[in-house]
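Please treat every number below as a calculation from the coordinates, not as lab data. Since this is a predicted model, take the numbers as computed values, not measurements. Heads up, the Cβs are rebuilt from the backbone with ideal geometry, glycines too, and the neighbour counts pull from every protein chain shown.
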Ligand code: 4GX
């Protein structure tokens, strides 16, 4: 899969993608990440890429021509490339969108700075607008990195093992169960006994219960749309029953 990042700050991308899993994926040729400096496509003498907004107001707007030229060069090499603009005004990124993007062969990610890009650049060259969340960054670069990271780890061979079943569990909207490793006792806090029991069905049952309890406590919105199996449904009923007993004062 190919990612072409259009940015005014290509250096921001060098080290995050050299490290760890994504670095390995690049070495193995599973993903290809290229940065393109939008400034190289400003044909004016001083390579100006921004200008004051028509109608007045504060800040600067990214000019349409350099963006247009940069995207057209990439698209001329691969007309099937899908062009994304990172902006708080876009559709909120999630695991389902990451999965959809992972089946595309080539993404172009446009990173905006200042007050954003000229509206005509959006209209003419952007296929889809994506937000990574309701907060304001200084530019689209970090958002592009988040998207590339989440999409890349879904590609075959990028993670060591085949994680597809686990991905499904998140798409089915449950949070993960708690994890423990050695030591058994840390400052008086020990690992739940069931995890040392060697009883695999008991461990699996405990983990499903914990995942349900955690999702109920922290993300009831996820639970509402979760597709639970019959057994998970029964476990959830039992957890809700316990919490009702607790609240009535009879319990602990
Ligand atoms: N998820 N930013 C875009 C420039 C900008 C300003 C105004 C449109 C209108 C962001 C996010 C994000 C900062 C990227 C502002 N574009 N991107 N940039 N949240 O905050 O994706």
Point to revise | Filter pass, residue 13 being in contact (Cβ under 8 Å) with a residue 40 or more places away in the chain, surrounded by 11 or more Cβ atoms within 10 Å (Cβ to Cβ) and part of a helix (DSSP H, G or I) | key: yes
Check your understanding: Taking interchain pairs and intrachain pairs at least six residues apart, which have beta carbon atoms under 6 angstrom, with the first residue in segment 19-37 and at negative phi and the second surrounded by fewer than 13 Cβ atoms within 10 Å (Cβ to Cβ)?
Key -> 30/157
Exercise for review: Considering (1) farther than 24 Å from residue 24 by Cβ; (2) touching a helix residue (DSSP H, G or I) at 6+ places or on another chain (Cβ under 7 Å); (3) surrounded by 14 or more Cβ atoms within 10 Å (Cβ to Cβ), say which one residue 140 fails and leave the rest.
Suggested key: (2)
Check your understanding: Do any residues in segment 111-135 that are closer than 13 Å to residue 89 by Cβ have Cβ atoms under 9 Å from those of residues that are within 7 Å of the ligand (Cβ to nearest atom) and part of a loop (DSSP other than H, G, I, E, B), where the two are at least six apart or on different chains, and which pairs are they?
Key -> 112/139; 112/140; 122/116
